[in-house]
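No lab work stands behind these numbers, since they all come straight from the coordinates. Here the structure is a predicted model, which is why all the values come from computation and not from measurement. Here Cβ is always computed from backbone atoms with ideal geometry, including for glycine, and neighbour counts include all displayed protein chains.
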Amino acid sequence: MAQTRLVCLFVGIFLVGFVLFPSPAHAGVGVTPTALSFGSVTVNTNSGTATIVVTNYSRQVTSIQQVASSLPEFVVVAPAMPIYLGPRASTSIQVIFKPDSALTFNGSIVITPGHKGGSPISIGVSGIGTPSNSSQTQTFVLSASTSSLGFGSMLVGTSTSQPFTLTNTATGSVNVSQVSATGAGFTITGFSGAVTLAAGQSLPLSANFNPTRVGAALGSINVVSNATNSPVTISLSGSGVQPQISVIPASVSFGNVTVGVSNSQTLTIKNPGTATLSITQASLSGTAFTSSGLTLPLSVPAGGSSTFNVTFAPTSAGTASGSVTLINNTPNSPLVVPFSGTGIASILQLSASPASLSFGSQTTGTSATQSFTVTNTGNSSVSIAQVSESGAGFSANGIALPLSLAVGQSTSFTVTFAPASAGSLSGSVTVVGNAANSPMVIALSGTGATAVSHTVSLSWTPSSSTYSGFNVYRGTSSGGPYTRVDTSMVSSTSYLDAGVSSGQAYYYVATEVDTTGTESGYSSEVSAVIP
């Protein structure tokens, strides 16, 4: 009796010490104590319950996702996972030691926090199994083949299953009265009602996951029996994922398109969902519409996109409609994208600017050039096969033919007027192509004028009587520079300049050359304006 009291006193001192000297605070999840020793326990009997306190030392909510034992002899009794802890909140986990043989057992209890809860925490556990005084003592323990089942990501509306086994690991018969599952989408198959398991006998069961919505799902399997470790709990986890589909633009209007011409637009398929989008079939309606760039089956990852083209090529005038229907693995399949467009009749039209060219009066022997522009003012491509001119003195020049002009495109031609005789002259340029207004004629007119000869008569007074001759100089600006116009020295005191043109002003100076050949400076300047 004295020894028993001493043990109790020691335990009391340990607990007081724990209260007075708590473990230091730290970030994330912490546990107390950090190790458990169960001492000696009779084989196939339960020890007393030891408690592990789990505390959230952080300033935000965190979770405990799993509590697992490394040895089946150390039985964990914990709430259904996951456990959510607010800041500074705590929860308790019970551990029982039930040795199945007369051995020393050393293991660990591993606590796995959720996101931002820190790394997994391992608590060392130990105990000694001692022989029973009576070989007739029966034990009742039910063990599960796993402490947790994870199903990963599953498409909403599909299902999968994982097996697990319940085994009577004790000496006495265990009566299993209930096996149930909690959590959205989780069910149990294989348990038809109460069952009795003899020592060493097992019961195979299956856990099923059939997500009905997108997002994470958590649950647990709870096994109720007459075993000393009842209830046995297995944590469950999974996630429901779902592809989605959208097409941009949601409908396509091609507007007015000329018959015989095509208009193409690009469509983008997007998957804003959480699973891979699969398009297995695409059907196109509307005889004027075609598609390209869509290879089936098409897989679009979550958050991804893919493009394809639709072309409208009307063969007749009038309104046309169609659509593309995409069969896919989303809940709103099939997706229909409507098309519309209007075919308009082809118009082949050319126009010239200016519509006529007037060259006015042009001196015979000279030439003048003007240009005109030909534009495709229709709604279809037009070809020009020939450009020809008529009329004396007129000639047309341009680019190589034949020439094709797209809608709105232009090209330019030049016409040169070089009259060979005086008088009023007329002609035309004819443009021949496949336009409705072909041939198109541009009128030409001009007048040939006889060349008028102009002269400037110059005279001067010599500065001495002993001169040998004179030189005459001409410029186009007052004060020069000047250029000598006589080909040989002028012997008289006058000169007739016939090298002048109409509409020009000229400025003249002269120099005197003496008998030694010395040339004087420039005389005073005179000017003449030719009308």
| task | Amide H neighbours of T274 under 5 Å, at least 5 residues apart or on other chains, H built in the peptide plane: list them. | result | Q242, Q244
| query | In whole Å, what is the distance between the alpha-carbon centres of segment 58-88 and segment 458-521? | reply | 121 Å
| query | Can you work out ³J(HN,Hα) from phi for every residue in segment 48-64, in order, using Karplus 6.51 cos²θ - 1.76 cosθ + 1.60 and θ = phi - 60°, giving whole Hz and x for Gly and Pro? | reply | x, 7, 9, 10, 10, 9, 9, 10, 8, 8, 7, 9, 9, 5, 9, 9, 10
| Estimated [θ] at 222 nm from DSSP helical runs (n ≥ 4, -39500 (n - 2.57)) normalised by residues in the chain, nearest 500 | -1000 deg cm²/dmol
| note | Between the alpha carbon centres of segment 142-188 and segment 350-407 the gap in Å comes to 91 Å
| Rounded tilt (10° steps) of 2-20 against the dominant C-alpha axis of the chain | 20 degrees
| In the chain, which longest range has no trypsin sites (Lys or Arg not before Pro) that are both DSSP loop (not H, G, I, E or B) and surrounded by at most 11 other Cβ atoms within 10 Å? | 214-531
| Cα centre as origin, Lys/Arg/Asp/Glu Cβ charges: the chain dipole, Debye | 2580 debye
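Using every Cα-Cα pair within segment 350-449, state what percent have a distance larger than 17 Å. Show your work: numbers first, answer last.
Details: 2396 of 4950 pairs.
For segment 350-449, the share of Cα pairs beyond 17 Å comes to 48 percent.
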| message | Explain nothing, just compute: Karplus ³J(HN,Hα) = 6.51 cos²θ - 1.76 cosθ + 1.60, θ = phi - 60°, for every residue of segment 360-370 in order, whole Hz, x for Gly and Pro. | response | x, 8, 9, 4, 4, x, 10, 9, 9, 10, 10
| query | If all Cα-Cα distances of the chain are sorted into 20 Å bins from 0 onward, what percent lands in each bin, rounded to whole numbers? | reply | 14, 21, 16, 13, 12, 12, 9, 3, 0
| field | Karplus 3J(HN,Hα) series, Hz, for segment 308-323 with 6.51 cos²θ - 1.76 cosθ + 1.60 (x for Gly, Pro) | value | 8, 10, 10, 10, 10, 10, x, 9, 8, 6, x, 7, 10, 9, x, 6
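How high is the relative contact order of the chain, in percent, counting Cα pairs under 8 Å that sit 6 or more residues apart? Walk me through the numbers before you get to the answer.
Numbers: 1372 pairs, mean separation 40.2, N = 531.
Reported as a whole number, the value is 8 percent.
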